[in-house]
Amino acid sequence: MNESQTSVNDLAKACAHSADAAEWEELVRRCVPLASLMALRISRMWVRDASPATVDDIVQEVFLKLCEQERRILRDFEPRGEDSFLGLLRMVSASVANDYFRRIYSTKRGGKVVTMPLGDDDAQAPMDGAGPAMRMHQSALLAELDEKLRSAPESIAERDRALFWLYYRQGYTAEEIARLSAAGLTAKGVESALRRVTMWLRDEVGQKRPDRPPESG
Amino acid sequence: MNEDFNPGKAPENSPRDTGNRLAGALEELIQGRLSRDGSPAPEPLEREKIGPEAAPEACPDPGELALLLGDQPLPAHSVKVNALLVHAAGCEVCADRLRALSSDLSQEENVFLAGLTLASGQGKRKLAVELARTPRLSGSRRAPKLYLWTGAGLAASLLISVGLVSWWRMANNPERMLAEAYTHRRVFDLRMPGAGFAEVTPQMHLRGGSPGNGSAGRESAKLLEARARIERHLEAAPEDAHWLQLEARSDILEEKFDAAVEILDRLVAAGPVTSSLLLDDASAYFQRGTATGSENDRATALDDLRRADELAPGDPVVLFNEAVAMEDRGQVMNAVETWNRYLRFERDPLWLAEGRRRLQALEQKLNQLKTHQSRMERHLASPQAMQAPAQDSAARQSPVRVHAIGNSTTGRGCALQAQVLPT
């Protein structure tokens, strides 16, 4: 087998039953960057300063996870698109990293540690510079808009409602939303969905203005 | 900012005001978003926003958000994936974390990853060697499963084939076909081994099957098929005792009794003598005796059946035929005793019913004979008693008279017979 020309999906399928170190080396070479990146990012969400040793440990655990139960994950893997194994690897890496830190916190501190911000919840404020009363009132209005969206599930699906808020409230671009496989849309598809939800919502609140579709970016 | 909004004033509750306020909030939201389009995209790794202290308790663990980035979610995960997406849309921390997880590799991250042990070729090689040694389901372990399934499939096919062949051979066994032919059209009282119950149909009686009597060609298809198979076997092995016996049995069904008797006598003389052979020999003799009125043949049949009974004491077919032959020979007491034995061994409810019926009829006949006997004894006890019936008869002008006969030397050897004669 010419490992360097084989797709990562085929390589993963081959490694499910292979004892060939060359095949494994190629799979490791292709998968280590993504697994390391996911391990680093998840680590930084759990601890302030993730060390390289921690990330190395997590990546090794990711590969060992793939080989558990006589390589069950690799054996059960069914390709569902080009390089779909990398999507699976991304999820396995995040899951292993999560478990790694859960384990550490459970052992050291007797359970999950939740740190609540004690100060002002500026991070949640929708509008910079607004006072607390105004922010509260703004939140109430947004909650009413969300209620409108929820009230018509036959017109606005839950997914489209989530896309609307990711775009307008969290500031995601259409491309960023399209990167989420859970959205299941291309950037154009995201824009189209946003346009539809916006028009529907304007009609609902009685705001008859010319349609201004969201622009990409 | 919406011009209707006044932080110092309590919000209005009328529908129109509510609509205006919502429309204003929506427009403000849209404008706010559009105003951000020109500004640089937010930095995905602002540690304070996505770090461990940022997330409220209700937020999922950071790694769970990766479900939104994986391959197309499985149906089992779709509810969870949907819930995570909705949560991220409403939670600034999780939205930032999700953005951080899905963003492109930054320069800083690139530098960090380059410093990992596994970034080096040696580190990757070492890990690959370790992984290649991990336990696996190799081809050699899969093969037995394949062989196992193949073997099981072959065994099942073989079993089905054997079953089908056995069923076909059983269904086309001449012995069974003859039994079915008997059941299809039972033309005599005696039973045939293996045959199911059927009422006797004397109107279908086919004596000889000769062209002249119009019965030719009326044998059942089973009988003809059986006959053909028997003949084919006998062409190959003319002295095969089993097939000769079957030929004789088919002769009995076709009412070719002479031929049957000839074959069966030869087989009995050659031995070994079995109850089955004696049963067929008895049937051939009995039927020939019935057809020709030969006492001798029917007496020979009873002898054969007695021998068969000795060889197979619990065989209901032997007992049935023996009881019929005894009845025919006038051995009423013996027949009653044999019928009672038969009822103990027979399991087929229909044959059992016929046995009971015959026994009941025989017992009635016996009772009738006993009544006559006691009356005769009373009449013959003294000369006065002997004259009494005649006087009574004359006095009453009875329409019937009883004629008593002593031990019979003719007929069927009955110990005591009574006839009721018309006047």
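The values are calculated or read from the model by the stated rules, or taken from the named source; none is laboratory data. Note that the structure is a prediction, hence the values are computed from the model and not measured. Heads up, the Cβs are rebuilt from the backbone with ideal geometry, glycines too, and the neighbour counts pull from every protein chain shown.
Going by the structure shown, is A:Ile42 in contact with a Pro (Cβ under 7 Å, 6 or more places away or on another chain) and closer than 23 Å to B:Gly123 by Cβ? Yes; evaluated as a whole, the condition is true for this residue. The criterion of at least 2 residues that are more than 8 Å from chain B (Cβ to nearest Cβ) and crowded, with 21+ Cβ neighbours inside 10 Å is met, among helices (runs of 4 or more DSSP H) falling completely within the stretch A:1-85, by A:8-15, A:21-46, A:52-66.
Selection of the stretch B:77-101 for residues being crowded, with 21+ Cβ neighbours inside 10 Å and either touching a residue at least 60 places away in the same chain (Cβ under 8 Å) or basic (Lys, Arg) (or both) yields B:Arg97, B:Arg99.
For the stretch B:109-192, the helices (runs of 4 or more DSSP H) that sit wholly inside it and include 1 or more residues that are within 41 Å of the chain's Cα centre (by Cα) are B:139-171, B:174-184. Looking at B:Leu343, B:Leu319, just one residue is within 29 Å of B:Ile263 (Cβ to Cβ), in contact (Cβ under 8 Å) with a residue 12 or more places away in the chain and assigned to a helix (DSSP H, G or I), and that residue is B:Leu319. The residue of the stretch B:118-139 that is surrounded by the fewest Cβ atoms within 10 Å (Cβ to Cβ), among those that are closer than 15 Å to A:Ala16 by Cβ, modelled with pLDDT under 90 and of a type in the set (Gly, Ala, Ser), is B:Gly139. Identify the residue in the stretch A:150-207 that is of a type in the set (S, T, N, Q) and facing chain B (nearest Cβ under 8 Å) and, among all such residues, is surrounded by the fewest Cβ atoms within 10 Å (Cβ to Cβ). Restricting to residues being of a type in the set (S, T, N, Q) and facing chain B (nearest Cβ under 8 Å), the top hit is A:Gln207. Could you tell me whether any residue of the stretch A:86-94 is under 21 Å from B:Gly63 (Cα atoms) and in contact with a Phe, Trp or Tyr (Cβ under 8 Å, 6 or more places away or on another chain)? Yes, there is a match, as at least one residue in the stretch A:86-94 is under 21 Å from B:Gly63 (Cα atoms) and in contact with a Phe, Trp or Tyr (Cβ under 8 Å, 6 or more places away or on another chain). Residues that are more than 10 Å from chain B (Cβ to nearest Cβ), part of a loop (DSSP other than H, G, I, E, B) and modelled with pLDDT of 85 or more are absent from the stretch A:117-139.
Let's see how each residue does on (1) among the small types (Gly, Ala, Ser); (2) under 18 Å from B:Arg21 (Cα atoms); (3) in a helix (DSSP H, G or I):
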{"site": "A:Tyr167", "(1), (2), (3)": "no, no, yes"}
{"site": "A:Ala182", "(1), (2), (3)": "yes, no, no"}
{"site": "A:Arg196", "(1), (2), (3)": "no, no, yes"}
{"site": "A:Arg202", "(1), (2), (3)": "no, yes, yes"}
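Does B:Ala385 count as in contact with a helix residue (DSSP H, G or I) (Cβ under 6 Å, 6 or more places away or on another chain), in a helix (DSSP H, G or I) and loosely packed, with under 14 Cβ neighbours inside 10 Å? Against the criterion (in contact with a helix residue (DSSP H, G or I) (Cβ under 6 Å, 6 or more places away or on another chain), in a helix (DSSP H, G or I) and loosely packed, with under 14 Cβ neighbours inside 10 Å), B:Ala385 qualifies.
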